[in-house]
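Notes for the one structure printed next.
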Amino acid sequence: MADKTDETNNLNKSWGGRFSKKTDKLVRDFSASIDFDKHLAKKDIEGSIAHSSMLEKIGVLTVKEKTLIHDALAEIEASIFEQSFKWDKDLEDVHMNIEAALTNKIGEIGKKLHTARSRNDQVATDVRLWLKEKISNIELLLTYLRQQIVELSILEYKTIMPGFTHLQVAQPITFGHHLLAWNEMLKRDQERLSDCLKRVDYNPLGSAALAGTGFKIDREQTTNLLGFSKICANSIDAVSDRDFIIEFCSFSSICMMHLSRISEELIIWSSSQFAFVSLDDSFCTGSSIMPQKKNPDIPELVRGKTGRIYGQLMSVLTLMKSQPLAYNRDNQEDKEPLFDTVKTISQCLEIFGKLMGNIEVNRENMMKAANMGYSTATDLADYLVKKSIPFRDAHKIVGEIVNHASNKGCMLSDLKLETLKRYCEHITKDVFEILSVEGSVKSRNHLGGTAPDQVYEAGMRELILIKEKITKS
Ligand code: ARG
């Protein structure tokens, strides 16, 4: 049994009236969300300012009352910003902390603010406003990262490297082409993010607890004041819906999966076995025991943080599973995963943008590696097809030639014409044009292909689009 010291006072609580017992201290600590939802304070105040302006317009508040409320809220916001505001766990959450501070400042009038509103529509409004702002920042970070990648692709449009499948050398490609593949991945993420934003951008305010309110509220006005594009059409759905958080966490999971794949490649490529790229010293760490080491910690950490973001998506999906309509207190659990997701993905995108802007490329090593592993074997097969040999037969002939070269320990282009002719009489001396890695990439000169000309044009096209995005934002 909880003794008196384990109980907290209900008297200053907005819902204390119907209770004859005080809240157990354990319950208070268990249910309070103030430690994390105080991050919503700025948006909570923005919501209250819009709500009170609307209350004034419909005659619930006088102009004087509204002004008093606005001025007091501005003072509260300033004290939160200066960190002199005293958050009180007994007041549960950000909404009641701010409302109590308001009433402390201006007395009875402060108590009128919550007319025609519930914490259910209030919290949904706050989270949507907060996430909208974060999304526009993440959108900028994505654009900046893509700019770094695309600019590097233009510099490296004709740098030849091996392309891989199964992490085995497959066909020669240009490094710029590989970088533009990363750009495509991130471009899709950006599209997903702006699509998600469309569904975040709805105003739930006015839905009150779940059924709306008997006051003649003006939802258009709060929607305009808060800068929402649309109004939630159903009050029950408005207070219960957290799809927009799930969508944001899905976007984040996919985007982190991409960053983790890029990280993996950077880690492999910066190893001494590959030595294709070198990450800037300011982005690496050393080892306390092995003096020669330069570790790619940043891509490793980004790869590692991906798991955490997937976890947050699972948390929110599971949080919503089986919840009956409308609002349930379960929903308080949406904030920590969302806040952490926003913080983590923002950090990862920002640091990745800087990392990509400082990569040193070792063109020679890339070229050397492209010349190993018989990366032009497919070109030789295609060459035979052009000489009217069916592809399956060509494949077999080239397999035999590769086997021959491999036994001799030489490259395909080192083989003599007579040797090649032994495997297929249709081979003539023009074959050497396609056996070189330069010839191979040059021949793949179509939209989306790896030929330097294509890569240069594709890079320039992307850069123009990115620059347009930057000017618009
Ligand atoms: N802290 C709560 C949350 O995050 C605010 C809404 C509380 N509403 C309620 N009916 N208890 O969801």
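Observations
- Dipole of the chain, positive direction: furthest Cα of LEU447, ALA208, LEU338, with charges on the beta-carbon: LEU447
- Rounded, prolate or oblate (a/c below 1.5 giving rounded, otherwise prolate when a/b exceeds b/c) for the range 358-411 by Cα gyration tensor: oblate
- Reciprocal of mean inverse Cα separation for the range 389-454 (Kirkwood radius, Å): 13.1
- Between the amide H of THR23 and those of THR8, ASN10, distances stay under 5 Å, these residues lying 5 or more places away or on another chain, with hydrogens modeled in the peptide plane.
- Helix-only arithmetic for the chain: the sum of -39500 (n - 2.57) across DSSP H runs with n ≥ 4, divided by the residue total, places the mean residue ellipticity at 222 nm at -20000 deg cm²/dmol.
- Prolate/oblate/rounded call for the chain, Cα gyration tensor, a/c under 1.5 rounded: prolate
- For SER288 and GLU364, a Förster radius of 22 Å and the Cβ-Cβ distance give a FRET efficiency of 0.10, rounded to the nearest 0.05.
- Karplus-derived HN-Hα couplings along the range 51-58 (A = 6.51, B = -1.76, C = 1.60, θ = phi - 60°), whole Hz, x at Gly and Pro: 5, 6, 4, 5, 4, 5, 4, 8
- Calculated over the range 1-146: convex hull of Cα atoms, volume per residue (Å³): 145
- Among LYS442, LYS216, the ranking by other beta carbons within 10 Å of each residue's beta carbon, starting with the fewest, stands as LYS216, LYS442.
- Order of TRP15, TRP130 - criterion: other Cβ atoms within 10 Å of each residue's Cβ, fewest first: TRP15, TRP130
- Phi to ³J(HN,Hα) by Karplus 6.51 cos²θ - 1.76 cosθ + 1.60 over the range 238-249, Hz, x for Gly, Pro: 4, 8, 9, 5, 10, 4, 4, 6, 4, 5, 5, 5
- The relative contact order of the chain, computed from alpha carbon pairs under 8 Å that lie at least 6 residues apart in sequence, is 17 percent.
- ILE231 long-range amide H proximity, modeled H, under 5 Å: ASN203
- Less than 5 angstrom separates the built amide H of PHE85 from those of ILE80, all sequence-distant by 5 or more or on a different chain.
- Taking a ≥ b ≥ c as the square roots of the eigenvalues of the Cα gyration tensor, an a/c ratio of 1.5 or more together with a/b no larger than b/c marks the range 61-107 as oblate.
- Percentage, to the nearest whole number, of Cα pairs in the range 28-110 over 15 Å apart: 56
- Shown for HIS395, HIS446: other C-beta atoms within 10 Å of each C-beta, ranked fewest to most, produce the order HIS446, HIS395.
- Rounded to the nearest whole Hz, the Karplus-based 3J(HN,Hα) values (6.51 cos²θ - 1.76 cosθ + 1.60, θ = phi - 60°) of the range 444-458 follow the sequence 8, 9, 9, 3, x, x, 8, 4, x, 4, 5, 5, 4, 5, 4, with x at glycine and proline.
- With 5 Å bins beginning at zero, the pair-distance distribution over Cα atoms of the range 90-198 amounts to 2, 10, 13, 12, 10, 8, 8, 7, 6, 5, 5, 5, 4, 3, 1, 0 %.
- Shape analysis of the range 202-342 based on the Cα gyration tensor places the equivalent ellipsoid semi-axes at 46, 16, 12 Å, largest first.
- Linear extension gain, ASP35 paired with SER278, 0.36 nm per residue minus alpha-carbon span: 83.3 nm
- A crude spin-label estimate for the pair ILE236 and LYS472, with each label 7 Å from Cα along the Cβ direction, gives 3.8 nm.
- Lys, Arg +1 and Asp, Glu -1 on Cβ, resulting dipole of the chain about Cα centre, debye, nearest 20: 520
Taken together, the values in this text are just the output of simple stated rules run on the coordinates, not laboratory data. Keep in mind that what you see is a predicted model, and the values were worked out from it rather than measured. Positions of Cβ are generated from backbone atoms using ideal geometry, with glycine treated the same way; all protein chains shown enter the neighbour counts.
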